[in-house]
Amino acid sequence: MKLINFVLLAAFCLWLAGCAAFTAYGRLEKQARQAYQRGDYDQAVYDCAYALRINPSYEPAQFLIQDTFKAAVIEHKANLNNLSSSTEKFRWDKIVSEYNDLIRLNRTIDQLPVLRHKATGELIAFETTDYSSQMAPAIQMAAEIHYNEGITLSSSNDLKIKKQAAKEFKMALGFVAGYRDASQKYEEMRQAAILRMAMMPIEDKTGTRRKYGSVSEVIMDDVISAILRDNSATEFLELISRERLEEVIEEQALSQSGIIDESMAIEVGKILGVNEILSGKITQIIVSPEETTRDVRREKSKVVIRREKYVDDEGKEKVRKIYGEVEAKIIVFKRSTSARIRGSYNIVDVETARILKSDSFEESSSANVSWATFSGDERAISWSTRQLAKKGEQRVPVEGEMVNMAAKKISTSLAKSIKDYAR
């Protein structure tokens, strides 16, 4: 009898353990174990801690967090030892990062609920450390290194180096708010590093004679708007407005045809006092005409076509359903259209006339609609066909709209490309 009870108890414990694996805390402990096995000790600690907040008495997580916390601390201390003997210029950034990780780990352990061994009730204790006294001087050193680097770079006349100087002062401020006169120096260097760029009218070389509207102007205006809305993009970039650009072109009578070649663009750039000019051209606009296809098919279904009375074996009168096959003719219509725009652009240095960046762009838009009609018995048609039939005839956007949709995509990708370039 005792043996039977023991077996039943063991089976019950195994069942409970299996159930725990499917709970939120069980899944978290499993994640922690996997993180520990791949050497991601920090994540293992955080997953275990989360599991124990849900169930403080869950033994697998209790045991695992003790090992993972020790392993995580040892790893970060080893990293700090290596960094202390490193000659890397910006090693203090990494030292600060290591202390941040240690502080977060220790805070996580300190915030755990009270943990006790399930069997003995003994308190599970952790030895945590306050790293704030080590962190403070590390932050100051990181700020000082970036500040000094900014001072060194500030003496350069190169625009890109001035930009890097501004970024160094900004990094110093990121470590210590109000560090020395870093705010003032950042703004001085930012102003000195601003890239003034003029976007020339995009030339339409498609030969479509504005059939689809002012595609090039739409792209240009959208690109400028997208850049100006992004504060991070204009940190080191100033765009000349299209109105100011057109004003100079008109004043100088540079183009009677409306086409600005590269030499004219450089001349305009010098008049405007810009560093670089962007010129582009649309080489292709391809529109696939609206196309409608039809697919004829038949659908059948067995339905109740009538009911009849009959007398069963016991002489009782009953009613039964008589099934028959019904049919409907279905016509499924599909209508589609698409547009594609291709082109390219160059960014040219006004002073040297050297091409700094050259790239192509291509975007497309497409529209596809479908609907259906039927004749015959409505009971034969499927649910999906019924939904298509309810829609009625569908229209796709006209050619101009399709081209405009593709142009919007080009504006987005071109704006991103310019923003990345200016950063």
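The values are calculated or read from the model by the stated rules, or taken from the named source; none is laboratory data. This structure is a prediction, so every number in the text was calculated from the model and none was measured. No Cβ is skipped: glycine too gets one built from the backbone with ideal geometry, and neighbour counts run over all protein chains shown.
A few remarks follow.
- Considering E267, E325, the condition of being modelled with pLDDT of 85 or more, among the acidic types (D, E) and either over 30 Å from A198 (Cα atoms) or in contact with a Leu (Cβ under 9 Å, 6 or more places away or on another chain) (or both) is satisfied by E325 alone.
- Test for M199: is it at pLDDT below 95 and surrounded by 14 or more Cβ atoms within 10 Å (Cβ to Cβ): yes
- Breaking point among (1) under 24 Å from I202 (Cβ atoms); (2) modelled with pLDDT of 90 or more; (3) aliphatic (A, V, I, L, M), for A353: (2)
- Scanning region 352-411 for residues that are among the acidic types (D, E) and over 35 Å from the mean Cα position of the chain (by Cα) returns D377, E378, E393.
- Filter result for S301 (surrounded by fewer than 17 Cβ atoms within 10 Å (Cβ to Cβ), within 30 Å of R386 (Cβ to Cβ), among the small types (G, A, S) and not assigned by TED's automatic domain parsing to the domain that holds I202): yes
- The condition (being farther than 30 Å from Y345 by Cβ and crowded, with 17+ Cβ neighbours inside 10 Å) is satisfied by just one residue among H146, H117: H146.
- Condition met for T283 (farther than 30 Å from E393 by Cβ, of a type in the set (S, T, N, Q), assigned to a loop (DSSP other than H, G, I, E, B) and at pLDDT 85 or above): no
- Applying the set (1) assigned to a helix (DSSP H, G or I); (2) under 25 Å from R297 (Cβ atoms) to E325 leaves exactly one unmet item: (1).
- Breaking point among (1) touching a helix residue (DSSP H, G or I) at 6+ places or on another chain (Cβ under 8 Å); (2) touching a residue at least 24 places away in the same chain (Cβ under 8 Å), for I266: (1)
- Close pairs from region 212-239: first outside the structural domain of I277 (by TED's automatic domain parsing), partner assigned to a helix (DSSP H, G or I), Cβ under 6 Å, at least 6 apart: none
- When F63, F22 are checked against the criterion of being without any contact (Cβ under 8 Å) to a residue 12 or more places away in the chain, part of a loop (DSSP other than H, G, I, E, B) and surrounded by fewer than 16 Cβ atoms within 10 Å (Cβ to Cβ), F22 stands alone in meeting it.
- Per-region count, region 370-390, residues part of a strand (DSSP E or B) and either surrounded by fewer than 16 Cβ atoms within 10 Å (Cβ to Cβ) or without any contact (Cβ under 8 Å) to a residue 24 or more places away in the chain (or both): 4
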